[in-house]
Amino acid sequence: MSESFIYDEVPYPSFTFPQTRPDRLSTIGKHFGIETALPDGCRMLELGCGDGTNLLSFAYCHPNSKFVGFDLSKVHIDDADKAKAKLGLENARFECADVTTLSKDELGEFDFIIAHGLFSWVPDFVRDHMLRIYSECLAPNGIGYISYNAFPGFHIREIARGIMKFHTDHIDGVDEKVNQSATILGFIHEALPKEHLHAKLIERELTELLERTPPNVYHDDLSDVNRAFYFHEFASAIDEHGLQYVSESDISSSTVHGFSEDVRKVLNTIGTDLIRREQYIDFIKFRRFRSSLICHSKLNLNREPDPTLVEAFRISSSLKPADVNSRLSDTSTMKFIGDKDENVQMNHPLTKTALAELGKVWTKSVGFNELFERSRMSLANSKVETTEDDRRKLATFLLQLFQVDLVHFHRFEPLMADAVSDMPISSAFARWQIEHKCVAVTTMTGMNLEPESDLVKLVIELADGSRDKQTIATEIFAAVDVPQDQREDFEEKLPSIVDSCLEELLRAGLLIA
């Protein structure tokens, strides 16, 4: 059965991948000294674009940019074109084609090229052609993104995959094939002593399998081709095409933050050999998947940026003071906690004040100069003088926090609402996702959020700019099935529920200006 037929018969699930966003790629490139294109005004190519969901989320946020996607499945491309027409996004184009038939003459040049979930799942000759496209079609200062399964961690997945493929080799139906895959892993897990290492490894694979959709498991784990790479192998492969490694799309994943001092000392003995250092980090972390950024080999990367670089970015962070009574203006140590329970302690007054300012406006971003002025003025009101040395310390701390993923840098601010308007408007892309039964909705800042209830989904759908808040509440009341003895109480509380919901959507970045 051909690959195109498989994907036509069993379409791959719709996802958006925040790690591939133009803003992320542009920002990380800039961090390493590459003058990348700005997110709003770039050209991006996606190889293996599926049904276009990922690119369409970008096209919606960046109307001044151009997006091109190729996929082998005609069903996927037809779905992408339908969604494009529904959303009215003329800055996206989709084509059904084999990657190996593409060339620079046809494609042109792109500021960003991405391929998520493709590199490990195609034969060697296709991988080689993919890298040729990156080499020939990536702009001189462009950034490429490639995700792939990685050793040594993937060895465990490979064990489970071998068991699953053997057990289901005679089964044709997708759902039954996936169900039986779970059954055999469950059987082996139960057959082993609970304290046995193999039992724990199989249990982890079974848990992850049960959290994914059948098409996802079918294409990722039961496919005929699924090859993992040691990082040094990937680095050698891109080097042969005149490309070099930049970093992971999650820049914090290659830091030694969290390692013991003894481990950091040993890693430091590796010196300037980045590839060997990254490989040893993979050994320690037992990494099983990478999302690597690449660029042309001729570019000179700056791997020790000066803190003044921070002035080029907008900054955002969900960190907020753990104790609202803590003092910002003195040098006492203060704890900040993020929305995913990440935390950091800080005693520098200007940086503490800046983090508090960012937490107030999350998910919006603030330019460094504006953030400095806001924080300086706040401290001045407490009769604390801010020096030029404080400004540099702020930049240094923010750069360090960015490198461990506690603060986010941006080169673009989407048009999100500052307040809930009388006629609220939710993201049209999020409304489209709900209409198409997507599990999560994508915010204007690229985060994937799962609505807490059907009522939240209804608010998102109805907030299309044609209804005021009272009308939204009235239509929800008519649409929701509530027991008769509870309807009066529900109707009375509904306007405040809608207000609260809209405020949450505002903070999440789902309402547009």
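The values are calculated or read from the model by the stated rules, or taken from the named source; none is laboratory data. Small disclaimer: the values here were computed from a predicted structure and weren't measured. When we count neighbours, we look across all protein chains shown, and the Cβ atoms used for this are built from the backbone with ideal geometry, even at glycine. With ligands, DNA and RNA removed, areas are computed over all heavy atoms of the protein, side chains included. Shrake-Rupley method; radii C 1.70, N 1.55, O 1.52, S 1.80 Å.
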Exercise. What is the list of residues in the stretch 439-468 whose amide nitrogen lies under 16 Å from a point 7 angstrom out from the Cα of ASP250, following Cα to Cβ?
Worked result: 447-449
Problem set entry | Stokes-Einstein translational diffusion, the stretch 371-513 - Kirkwood Rh over all Cα pairs, 1.306 mPa s, 10 °C, in µm²/s | 89
Exercise. So what is the relative contact order for the stretch 19-73, in percent, with contacts set as C-alpha pairs under 8 Å and at least six apart?
Worked result: 35
Seminar exercise, completed: The extension gain from LYS285 to GLU211, computed as 0.36 nm times the residue separation minus the Cα-Cα distance, is 24.4 nm
Exercise. Considering amide H positions built from the backbone, and no H for Pro or chain starts, which residues 5 or more places from ARG287, or on another chain, come under 5 Å of its amide H?
Worked result: GLY153
Seminar exercise, completed: For the stretch 95-198, the charge dipole (Cβ of Lys, Arg +1; Cβ of Asp, Glu -1; about the Cα centre) points to a positive end, and the Cα of HIS155, ILE143, TRP121 closest to that extreme belongs to HIS155
Exercise. Taking all pairs of different Cα atoms in the stretch 232-326, averaging 1/r and flipping that mean, what Kirkwood radius in angstroms comes out?
Worked result: 16.0
Exercise. Can you list the residues, at least 5 places off or on another chain, whose amide H is less than 5 Å from the amide H of VAL246, using H built in the peptide plane?
Worked result: LEU293, ILE294, CYS295
Exercise. Lys/Arg Cβ at +1, Asp/Glu Cβ at -1, dipole of the chain taken about the Cα centre: which of LEU56, SER317, GLN180 is farthest positive-ward?
Worked result: SER317
For this session: Using only the alpha-carbon atoms of the stretch 34-177, report the extent along each of the three principal axes, biggest first, to the nearest angstrom.
Result: 50, 36, 26
Problem set entry | Relative packing of peptides 458-465, 105-112 - highest average C-beta neighbours within 10 Å first | 458-465, 105-112
Exercise. By per-residue mean of other Cβ atoms within 10 Å, what is the highest-first order of 209-215, 137-143?
Worked result: 137-143, 209-215
Problem set entry | Where CYS438, CYS295 fall by accessible area, highest first, once all protein chains stay in place (1.4 Å) | CYS438, CYS295
Exercise. What is the dipole size for the chain, taken about its Cα centre, with +1 at each Lys and Arg Cβ and -1 at each Asp and Glu Cβ, in debye to the nearest 20?
Worked result: 1620
Seminar exercise, completed: In terms of the charge dipole of the chain, which places +1 on Lys and Arg and -1 on Asp and Glu at the beta carbon, the residue among TRP362, GLN403, ASN381 farthest towards the positive end is ASN381
Exercise. In percent, what relative contact order does the chain have, based on Cα pairs under 8 Å that are 6 or more apart in sequence?
Worked result: 14
For this session: List the relative contact order of the stretch 250-369 as a percent without decimals, with contacts defined as Cα pairs under 8 Å and 6+ residues apart.
Result: 23
Problem set entry | In sequence order, calculated HN-Hα J values of the stretch 365-375 (Karplus, 6.51, -1.76, 1.60; Hz; x Gly/Pro) | 10, 9, x, 4, 4, 5, 4, 4, 5, 4, 5
Exercise. Which translational diffusion coefficient, to the nearest whole µm²/s, is obtained for the stretch 143-257 from the Stokes-Einstein equation, given a Kirkwood hydrodynamic radius over C-alpha pairs, 25 °C and 0.890 mPa s?
Worked result: 152
Exercise. From largest to smallest, what semi-axes in whole angstrom does the chain give when each is the square root of 5 times an eigenvalue of its alpha carbon gyration tensor?
Worked result: 36, 33, 26
Exercise. Which ³J(HN,Hα) values, rounded to whole Hz and listed in residue order, are derived for the stretch 192-198 from phi using the Karplus coefficients 6.51, -1.76 and 1.60 in 6.51 cos²θ - 1.76 cosθ + 1.60 with θ = phi - 60°, glycine and proline given as x?
Worked result: 9, x, 4, 7, 5, 4, 4
For this session: Only helical DSSP H runs with n ≥ 4 go in: add -39500 (n - 2.57) per run for the chain, normalise by residue count and round the 222 nm mean residue ellipticity to 500 deg cm²/dmol.
Result: -14000 deg cm²/dmol
Exercise. What accessible area per residue, rounded to a whole number of Å², is obtained for the chain using a probe radius of 1.4 Å?
Worked result: 47
Exercise. Using a probe of 1.4 angstrom, how much of the accessible area of the chain is carbon and sulfur, in percent?
Worked result: 51
For this session: Pick out, in residue order, every one of the GluC sites (Glu not before Pro) in the stretch 218-275 that is DSSP loop and has at most 12 other C-beta atoms within 10 Å; say none if there are none.
Result: GLU240
Problem set entry | Cross-link pairs LYS30/LYS84; LYS86/LYS469; LYS320/LYS393 - those with Cα-Cα distance over 21 Å | LYS30/LYS84; LYS86/LYS469
Problem set entry | Amide H contacts of HIS257 (H built 1.01 Å from N, under 5 Å, at least 5 apart or other chain) | none
For this session: Round to a whole angstrom and tell me the spacing of the C-alpha centers of the stretch 277-343 and the stretch 384-415.
Result: 10
For this session: Give me the distance in nm between label points sitting 7 Å out from Cα along the Cα-to-Cβ direction at GLU452 and ALA182, one decimal.
Result: 2.7
For this session: At q = 0.20 Å⁻¹, what is the base-10 log of I(q)/I(0) for the stretch 265-403 according to the Debye formula with one equal point scatterer per Cα and no solvent? Please give it to two decimals.
Result: -1.17
Exercise. Taking 0.36 nm per residue of separation and subtracting the Cα-Cα distance, what length does fully extending LYS104 through HIS170 add?
Worked result: 19.5 nm
Seminar exercise, completed: Most packed first (mean Cβ within 10 Å per residue), the peptides 198-206, 46-54 order as 46-54, 198-206
Seminar exercise, completed: Once phi for every residue in the stretch 304-313 is put through the Karplus expression 6.51 cos²θ - 1.76 cosθ + 1.60 (θ = phi - 60°), the whole-Hz ³J(HN,Hα) values, with Gly and Pro written as x, are 10, x, 6, x, 4, 4, 4, 5, 7, 10
Exercise. Roughly how big is the stretch 182-306's charge dipole about its Cα centre, with Cβ charges of +1 (Lys, Arg) and -1 (Asp, Glu), in debye to the nearest 20?
Worked result: 220
